[in-house]
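Reading through the structure tokens given below for one structure.
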Amino acid sequence: LSFQEVHIKESIEKEINPHLLPGELLLCEANTVYKYIQEDGSNRGTYGKLVCTNFKIAFLDDSASDDNEPQFKNKIVGENDITLQCVDQIYGVYDEKKKLLTGQLRKYPEKLIIYCKDLRVFHFCLRYTKEEEVKRIVSGIVHHSQTPKLLKRLFLFSYASAAPNNTDGRNQTVMFDTLEDWRDELERTKGNVKYKAVTTNEGYRVSEKLPLYFVVPICVSEESILKYEGRGIPIWCWSCHNGAALLKMSAFPKEQDDSTSQTQKAFLDGIYKTISKPPYELLKTDDLSSSLPSLQDIQTAYTRFKQLFLIDNSTDFWATDVKWFSLLETTNWLEIIRRVLKKAIEVAECLERQHTNVLLIEESATDLCCVISSLVQVMMDSYSRTKSGFQSLIQKEWVIGGHGFLDRCNHLHKSDKEEAPVFLLLLNCVWQLVQQYPPAFEFTETYLTVLSDSLYVPIFSTFFFNSQHQKDTNSSGESLKTQSGPFRFLTVWDWSVQFDPEAQAFLNNPFYAEKPKPDKSQRKTARFKHQRQLSLPLTQTKSSTKRGFFREETDHLIKNILGKRIGKFINSSDEPPNTFREFYDSWHSKPVDYHGLLLPRIDGPEIKVWAQRYLRWIPEAQLHGGGTIATAAKILDLMEEVQSLQVKVDEQHSQAVSGDVHSLPMLINSPRLSSLFPFALLQRQSIKPALPTSTWKDLEDEDDLVKRDDEFVDLSGDVI
């Protein structure tokens with residue numbers, strides 16, 4: 001690159017200014033920054049300006065045009081924007097060596113690598129940037145994204161005080177912040193005969209960890225609730241159609257002196273006896289801290305798992321291909337998902353078949369209790385599989401239920417020990433159900449993906465507090481407009497803040513079965529030969545050291561993948577009990593009722609990697625014109641044609657019908673869409689790695705995948 005080119009580019013970049021949200025302030029910037037095209041493996045890229053605000057890190061260039069405008073665009077966070085809460089780790093490159101950047105820097109790098117929590121990777125070259133600007137931008141980015149901060153320093157408060165309160169009044173999500181919301185839920189589930197909504201915690205006089213309003217068995221007195229700050233009290237989550245209920249309880253601390261322990265044990269015995277008598281069903285207790293992985297185990301597994309997808313370049317991706325199965329198994333992430341789903345099925349069996357109340361016990365009842373109770377409701381209550389129902393469920397069990405989003409997501413960078421992807425674990429489990437039973441859900445996997453991304457967008461209060469009490473006590477403050485008053489926080493459930501109506505259409509499932517349909521034997525379709533297998537095989541196989549998983553991988557491996565034997569990935573000691581297995585097999589032997597009970601398939605390779613979320617930024621993992629989007633595009637085209645004909649046939653209802661037409665995603669160039677659409681659209685094909693691996697050599701003799709993309713269509717979601 002000539003200095004003349006750099007000088008000309010620099011003069012252009014200075015004219016580009018960032019788009020700032022209300023309350024957003026520009027903190028530092030650097031011109032003539034070179035952004036590499038990550039997927040290339042080469043040094044190609046584009047020049048622009050790198051800026052840091054109190055909300056995000058953004059790269060600005062003049063290459064954007066209407067022709068390149070994506071169909072699925074976020075209005076708050078752009079393609080080259082990284083919210084400060086989304087930054088995972090920052091590395092500097094010094095003489096071709098990577099070094100983690102934290103705190104004060106003595107020497108400034110020539111290259112900056114930012115790893116994001118949504119698994120994007122950004123590479124910025126600072127070699128042609130002025131030294132003073134390099135110091136300011138690197139120090140600013142590290143300081144504002146990596147150092148501990150106070151809660152009220154979050155952009156959430158700046159935005160709430162400066163932005164106009166134009167919320168969408170059509171939001172149907174139940175927020176569960178009023179007594180009436182709880183009473184309505186009791187009535188909806190027919191639980192109001194045995195359970196009552198209480199106001200005991202008004203003013204947070206019982207506990208700051210409990211919500212203002214919650215539901216307990218009618219026989220539980222106010223005195224009992226007050227005695228131990230809500231600990232040892234069964235709190236109602238949901239009632240089954242047969243009257244059995246799902247409950248949760250905060251456990252007493254395990255390390256207590258003998259007299260205290262005896263008193264607490266006597267209190268618990270009294271509670272158990274009270275709620276085990278008629279009209280209540282028999283009670284089964286389940287201590288999740290002993291029957292499920294610990295939060296530390298979950299965090300460790302996810303940390304290993306996400307490293308598989310934080311790919312710097314094509315060479316790194318292909319190098320991991322031959323070790324894909326072993327690397328995936330080592331993380332233990334899929335096994336944790338399987339164990340959590342298995343636990344949810346066990347609870348569903350007690351409620352559905354045994355007509356038994358289930359009491360989930362955990363130290364605070366705000367982590368794994370939230371996961372299991374939510375999963376059980378998604379599996380057993382078809383209302384929770386609608387978009388508004390699922391959002392109401394998250395509000396009830398997680399937001400109002402007191403899950404510590406602030407600590408578990410480590411938004412303030414105060415303690416890594418508290419961090420654990422508990423909510424992401426739930427979304428991964430729900431995704432398993434969505435991809436196994438698509439017609440049962442009103443929302444799509446794209447909805448789940450953008451919901452996971454919204455964890456790191458600090459303009460919504462939904463995922464940025466540890467409890468309702470913390471939110472309430474921090475909602476009062478001085479407005480930037482010199483008016484004193486409470487902050488007006490946005491809720492993430494108003495999707496119009498992030499997406500236009502056309503983009504919101506991708507969140508809705510056009511194949512949702514609104515009414516139960518007659519059983520149809522599901523036709524098995526051909527498996528696409530070229531794919532990265534997203535689930536672990538049933539039995540251990542000896543894979544060739546010279547082959548990857550974008551090739552057929554021999555008939556022997558395919559038989560193992562599709563076989564029905566349960567091998568090393570389901571330990572014999574971890575086999576479900578006979579009653580569980582009988583319930584599980586019996587349900588799966590019958591036709592699926594999409595509005596009844598849903599049980600996930602959990603044996604071996606049925607548990608898959610959530611491809612859209614984890615592989616969407618890796619072009620090598622995409623099939624252009626392939627995957628489930630190829631099927632969806634054809635069906636959507638047909639639906640659009642049918643609706644268009646309906647408009648012509650029935651002009652009296654043309655306005656209503658045309659409104660429905662706009663609710664369908666309009667897929668441009670559908671034959672050439674990526675299998676990871678809408679996040680990967682028509683990205684350029686990646687080139688060969690700098691040092692070809694044996695996998696690439698094997699593929700060199702194959703026909704061009706794009707030419708054959710219509711030959712196989714996979715309806716099960718296996719193809720990526």
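Key figures
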{"item": "Cα centroid of the stretch 377-447 to Cα centroid of the stretch 179-238, whole Å", "result": "23"}
{"item": "Residue-normalised accessible area of the stretch 26-147, given per residue in Å² at a 1.4 Å probe", "result": "45"}
{"item": "Hz values of 3J(HN,Hα) by residue in the stretch 502-514 - Karplus curve (6.51, -1.76, 1.60), Gly and Pro given as x", "result": "5, 6, 4, 4, 6, 7, 9, 8, x, 9, 4, 7, 6"}
{"item": "R0 of 51 Å, Cβ-Cβ distance GLU640-LYS97: FRET efficiency to nearest 0.05", "result": "0.40"}
{"item": "Listed residue (ALA245, SER207, THR178) projecting farthest to the positive dipole end of the stretch 165-258, Cβ model", "result": "ALA245"}
{"item": "Rounded to the nearest 20 debye, dipole of the stretch 26-147 from Cβ charges on Lys, Arg, Asp, Glu", "result": "620"}
{"item": "5 angstrom amide H check on GLY45, placed H, neighbours 5+ away", "result": "ILE37"}
{"item": "The stretch 26-147, relative contact order [Cα under 8 Å, separation at least 6], %", "result": "30"}
{"item": "Packing-based ranking, highest mean first, of 282-294, 243-255 given that Cβ atoms within 10 Å are counted", "result": "243-255, 282-294"}
{"item": "Phi-based couplings in Hz for the stretch 362-375 (Karplus 6.51, -1.76, 1.60; Gly and Pro marked x)", "result": "8, 3, 10, 6, 10, 10, 5, 4, 5, 4, 5, 4, 5, 4"}
{"item": "Over 21 Å between alpha carbons, listed pairs LYS227/LYS284; LYS190/LYS396; LYS35/LYS117; LYS196/LYS248", "result": "LYS227/LYS284"}
{"item": "Cut-off under 5 Å, modelled amide H: who pairs with SER674 long-range", "result": "GLY625"}
{"item": "Cα-projected label distance for PHE511 with LYS107, points at 7 Å along beta-carbon direction, nm", "result": "5.5"}
{"item": "Amide H partners (placed H, <5 Å) of LYS56, local residues excluded", "result": "LEU84"}
{"item": "Accessible surface of the stretch 148-284, 1.4 Å probe, proportion on carbon and sulfur as whole %", "result": "50"}
{"item": "Label-point separation, LEU20 to SER259 (7 Å along Cα→Cβ), nm", "result": "6.3"}
{"item": "Column: log10 I(q)/I(0), Debye, Cα scatterers of the stretch 138-193, q = 0.20, 0.23, 0.29 Å⁻¹", "result": "-0.86, -0.95, -1.11"}
{"item": "Integer Hz, Karplus 6.51/-1.76/1.60 couplings in order for the stretch 115-125, x for Gly and Pro", "result": "9, 9, 6, 8, 6, 7, 10, 10, 10, 10, 9"}
{"item": "Gain in span if fully extended, GLU132 to LYS273, counting 0.36 nm per residue against the direct Cα distance", "result": "43.6 nm"}
{"item": "Unsatisfied cross-links (Cα-Cα over 32 Å) in the set LYS97/LYS323; LYS417/LYS471; LYS56/LYS634", "result": "LYS56/LYS634"}
{"item": "Of LYS343/LYS414; LYS49/LYS75; LYS209/LYS254, pairs whose Cα-Cα distance is over 29 Å", "result": "LYS343/LYS414"}
{"item": "In the stretch 172-232, the trypsin sites (Lys or Arg not before Pro) that fall in loop regions by DSSP, at most 15 other Cβ within 10 Å", "result": "LYS190, ARG205"}
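The values are calculated or read from the model by the stated rules, or taken from the named source; none is laboratory data. Since the structure is predicted, the reported quantities are computational estimates derived from the model, not experimental observations. Every residue, glycine as well, gets a Cβ built from its backbone with ideal geometry; the counts of neighbours run over all protein chains shown. Please note that ligands, DNA and RNA were not included when accessible areas were found on the heavy atoms of the full protein model with its side chains. Shrake-Rupley method; radii C 1.70, N 1.55, O 1.52, S 1.80 Å.
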